[in-house]
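Worksheet: the structure to be examined is printed underneath.
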Amino acid sequence: MALIAGEMNLGVYQDSDDRYRWRLWSGLRLVAISGESFHDRLDAELAALCFKVDAYHAEFDVFAFGGSWYWEACDGGGQRLAITSRPFDSPFNAKHAAAYVSNHVARATFS
């Protein structure tokens, strides 16, 4: 699965449980969502900004689930910060996508 390079944007949305999450877009492709949900919009916005600043130093791990591959980013304490928004067909592609996010999210704009 190819990754379309483009301008990265962070945004916050309200999920079906009336909680807030952030998500990261690269061009028109959704590439990541927050690792947890938040009670209010401000907390989700703060978490998105923290991920933007700290993602380069996060631990990105690739794992298999249900025949597909995914990545997740965790802080030094093992708390999940972000997870890929889609499955990948190989660990190589998941690792490549994680590296793309790690290397480019610092330039993301907030919408």
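The values are calculated or read from the model by the stated rules, or taken from the named source; none is laboratory data. Model, not experiment: these values are computed from the prediction. Cβ: placed from backbone, ideal geometry, glycine included. Neighbour counts: every protein chain shown. Just so you know, the surface numbers come from the protein's heavy atoms only, side chains and all, with ligands and any DNA or RNA stripped out. Shrake-Rupley method; radii C 1.70, N 1.55, O 1.52, S 1.80 Å.
Worth a mention:
- For the range 23-36, Karplus couplings with θ = phi - 60° (6.51, -1.76, 1.60), whole Hz, Gly/Pro x: 9, 10, 10, 10, x, 9, 9, 6, 10, 7, 10, 4, x, 8
- Given [x] 24, 14, 13; [y] 21, 15, 14; [z] 27, 19, 13, the label whose value is semi-axes √(5λ) of the Cα gyration tensor in Å derived from this model: [y]
- The charge dipole of the chain, taken about its Cα centre with unit charges on the Cβ of Lys, Arg, Asp and Glu (plus for the first two, minus for the last two), comes to roughly 360 debye.
- Nonlocal amide H pairs with residue 32, under 5 Å, H built at 1.01 Å: 24, 85
- The label-point distance for residue 106 and residue 63, in a model that sets each label 7 Å from Cα toward Cβ, rounds to 2.7 nm.
- The accessible area of residue 46, taken with all protein chains in place and a 1.4 Å probe, comes to roughly 100 Å².
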